[in-house]
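Inspection log for the structure reproduced underneath, given as structure tokens.
The values are calculated or read from the model by the stated rules, or taken from the named source; none is laboratory data. Please read these numbers as outputs of a predicted model, since none were measured by experiment. Every residue, glycine among them, receives a Cβ derived from its backbone with ideal geometry; neighbour counts consider all protein chains shown. Areas reflect the complete protein model, heavy atoms only, side chains present, ligands, DNA and RNA absent. Shrake-Rupley method; radii C 1.70, N 1.55, O 1.52, S 1.80 Å.
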Amino acid sequence: MFGASRWKYEPPLHEEFGFSIARRGYDRDQVDAYITRLRSGSPPADAVGFELVRRGYERSRVDEVIAQLHREAGQGK
């Protein structure tokens, strides 16, 4: 009835990178949009800055992930 699915499951960014939700953290939509742009090969030229909101992503983990993605982009990975 159902053939092999053409769709590959892609976990949401918070699952893929292990982002947890903090009482006050980085705006989740802004972080997701930034990482999506960064991974597509078009990193923003301006400095990274996210609004602090209630129930946002835990800040230190986001900072770690973004730093790692920038290092990988600089190495051509």
Open item on the list: Looking at region 22-34 only, could you name the residues that are open to solvent by less than 50 Å² (accessible area, probe 1.4 Å), touching a residue at least 24 places away in the same chain (Cβ under 8 Å) and charged (D, E, K, R)?
Closed with: Asp27
Task: Only one of Arg54, Arg6, Arg61, Arg24 that is out of contact with any helix residue (DSSP H, G or I) (no Cβ under 7 Å at 6 or more places or on another chain), charged (D, E, K, R) and in a helix (DSSP H, G or I) - done: Arg61
Task: Residue, most open to solvent (accessible area, probe 1.4 Å), within region 48-72, restricted to residues that are within 17 Å of Ser20 (Cα to Cα) and within 11 Å of the chain's Cα centre (by Cα) - done: Glu64
Task: Matching residues in region 27-51 - criterion: being among the aromatic types (Phe, Trp, Tyr) and assigned to a helix (DSSP H, G or I) - done: Tyr34
Open item on the list: Which residue is least open to solvent (accessible area, probe 1.4 Å), if the candidates are limited to region 1-21 and must be closer than 18 Å to Ala67 by Cβ and at pLDDT 90 or above?
Closed with: Phe19
